[in-house]
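Q: Before I ask anything, let me first share the structure, which is written out below as structure tokens.
The values are calculated or read from the model by the stated rules, or taken from the named source; none is laboratory data. Remember, it's a predicted structure, so these values are computed and weren't measured experimentally. Here the Cβ is made from the backbone with ideal geometry for all residues, glycine too, and neighbour counts use every protein chain on show. Note: accessible area is taken over every heavy atom of the protein model, side chains too, but ligands, DNA and RNA are not part of it. Shrake-Rupley method; radii C 1.70, N 1.55, O 1.52, S 1.80 Å.
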Amino acid sequence: MKLNIALLAGDGIGPEVIDQAVKVSNAIAKKFDHEITWTPALTGACAIDAVGEPYPDATHEICMAADAVLFGAIGHPRFDNDPKATVRPEQGLLKMRKKLGLFANVRPTFTFPSLIDNSPLKRERIEGTDLIILRELTGGIYFGERGRKDDGNTAFDTCTYTRAEVQRLAKLGFEMAMTRGKKLCCVDKANVLETSRLWRETVQDMEKDFPEVTVSYEFVDAVAMRLVQWPNTYDVLITENLFGDILTDEASVISGSMGLMPSASIGVHTSLFEPIHGSYPQAAGKDIANPLATVLSAAMMFEDAFGLKEEAELIRAVVNKSLAEGIVTEDLSGKNKAYKTSEVGDWLAKNI
Ligand code: IPM
Ligand code: MN
């Protein structure tokens, strides 16, 4: 099969972890006789430095023409500490999500048997955890009207949702639940927010179309608590953009390291696959970051964008083997030897 993939390494540790996913993907292509064309493109702070814009039109064209996008991370501290910066790397990510129509962000949380004691939570709390948070990605407060008034002394951000936006996300959630544990949790703040009441009403109306799915409605504050108490009681959770942003960071540490969890963003145009961790600038260029979240994002890409399940399963099996044999970066190595990012990538590629 011919696979045409846009490669957006981005900032910070992005290029290093992306390199390992490329090594692993190329090994898969060789083994299964696929032909991958990688087309690199700029995004984030490096794109601002090069062309003054975090998601340049040229990058958008490359993404639109590709079958899938593999993405590293974006962000740079020099922008975080400057509240007056007018162009920010993160705007590139938001623009990319909007222009590619990536309205659904699939963020799984699962545990690796060999890492269960790396989790900050007790074994009995997390064993068997296998949940997906489906986060709405192109609406809500991230994209609503915002600004300042009263000579800059009052600031506002607006959260807006349409019924159609909720329906398309919820439909994916119901369909996903049907292929898994048939449980769907709608996470909202319907005791306070009008947008949440629209979410709840819309999902309630859809229940009759999916009679086999058991639906629960929970407030986001309660979910934040239950996620660390009994994460293994959840299956698929659907939620709006900002709640999803916060809950997926919380969920990502359950597995033992934030460097482990992959994600997919899907919607109207080309799907995008990325680790859920950020650009981790303190580690950039040091060859120490955990590449597994990016490698597992490549696995998701093989399966979801190309229907290549066997390839995806092999990547996951080799990742599990590396964990079991202790071929891990410093975030997971404890008192044992820590391998470099590139060494982990080489080992994975060789074992494929
Ligand atoms: C994420 C990130 C982004 C978000 C930032 C970088 C804009 O935190 O993908 O979760 O808030 O969506
Ligand atoms: Mn986030």
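Q: At 1.4 Å probe size, with every protein chain present, just tell me what the per residue accessible area of the chain comes to in Å². Display every interim value, and only then the final one.
A: Values: 15370 Å² over 352 residues.
Spelled out: the 1.4 Å probe surface of the chain, per residue, equals 44 Å².
Q: Moving to a separate point now. Just add up the charged neighbours of Arg197: K/R +1, D/E -1, any other residue whose Cβ is under 11 Å from the Cβ of Arg197.
A: -1
Q: What translational diffusion coefficient, in µm²/s and rounded to a whole number, does the Stokes-Einstein relation yield for the range 120-255 at 10 °C and a viscosity of 1.306 mPa s, taking the hydrodynamic radius as the Kirkwood radius over Cα pairs?
A: Value of D from the Cα-based Kirkwood radius: 101 µm²/s.
Q: Considering amide H positions built from the backbone, and no H for Pro or chain starts, which residues 5 or more places from Ile276, or on another chain, come under 5 Å of its amide H?
A: Close amide H contacts, sequence-distant or interchain: Met261, Ser263.
Q: To the nearest 20 debye, what is the magnitude of the charge dipole of the range 35-160 about its Cα centre, counting +1 on the Cβ of each Lys and Arg and -1 on the Cβ of each Asp and Glu?
A: My answer is approximately 300 debye.
Q: On to the next question. Using only the alpha-carbon atoms, what does the chain span along each of its principal axes? Please give whole angstrom values in decreasing order.
A: 53, 48, 42
Q: Output wanted: per-residue J couplings in Hz (rounded whole) for the range 54-68, from phi through Karplus 6.51 cos²θ - 1.76 cosθ + 1.60, θ = phi - 60°, x for Gly and Pro.
A: x, 9, x, 4, 4, 5, 4, 4, 5, 5, 5, 7, 8, 7, 7
Q: How many angstrom lie between the C-alpha centres of the range 1-72 and the range 190-212?
A: 37 Å
Q: Roughly how far apart, in whole Å, are the Cα centres of the range 261-293 and the range 221-254?
A: Computed from Cα coordinates, the inter-centre distance equals 19 Å.
Q: A further question on this structure: Give me the percent of accessible area attributable to carbon and sulfur for the chain, probe 1.4 angstrom.
A: Taking all protein chains in place, the chain shows 53 percent carbon and sulfur surface.
Q: Do you know the relative contact order of the range 120-255, to the nearest whole percent, from alpha carbon pairs under 8 angstrom that are 6+ apart?
A: Values: 214 pairs, mean separation 53.1, N = 136.
Reported as a whole number, the value is 39 percent.
Q: Further, regarding this structure: Quick check: residue separation of Asn191 and Asp82 times 0.36 nm, minus the Cα distance between them. What number comes out in nm?
A: Full extension of this stretch gives 35.7 nm more.
Q: Assuming 0.36 nm per residue, please report the length gained on full extension of the stretch Glu325 to Lys350 beyond their Cα-Cα distance.
A: Taking Glu325 through Lys350 to full extension adds about 7.6 nm, to one decimal.
Q: Would you mind telling me the antiparallel percentage of the DSSP bridges in the chain, rounded to 5?
A: 40 percent
Q: Using θ = phi - 60° and the Karplus relation 6.51 cos²θ - 1.76 cosθ + 1.60, list the HN-Hα couplings for the range 238-254 in order, rounded to whole Hz, with x at every Gly or Pro.
A: These are the phi-based 3J(HN,Hα) values: 10, 7, 6, 4, 6, 4, x, 4, 6, 5, 6, 5, 4, 5, 5, 8, 4 Hz.
Q: For Lys340 paired with Asp49, estimate the spin-label separation in nm (one decimal), with each label point 7 Å from Cα along the Cα-to-Cβ line.
A: Rounded to a tenth, the inter-label distance reads 2.1 nm.
Q: With only Lys, Arg, Asp and Glu charged, each at its Cβ (+1 for the first two, -1 for the last two), find how big the charge dipole of the chain is about the Cα centre; round to the nearest 20 debye.
A: 280 debye
Q: Relative to the present Cα-Cα distance, how much length would full extension add between Gln229 and Lys286 at 0.36 nm per residue of separation?
A: Values: separation 57, 0.36 × 57 = 20.52 nm, distance 3.53 nm.
Contour length minus the Cα-Cα distance gives 17.0 nm.
Q: Given points 7 Å out from each Cα along the Cα-Cβ axis, report the Thr37 to Arg146 separation in nanometres with one decimal.
A: 3.8 nm
Q: If you don't mind, another one. Mind checking which of Tyr280, Gly101, Ile62 is farthest towards the positive end of the chain's charge dipole, using Cβ charges of +1 (Lys, Arg) and -1 (Asp, Glu) about the Cα centre?
A: Tyr280
Q: Next question. Out of Gly144, Val166, Leu260, whose Cα points farthest toward the positive end of the dipole of the range 126-272 (charges: +1 Lys, Arg; -1 Asp, Glu; placed on Cβ)?
A: Val166
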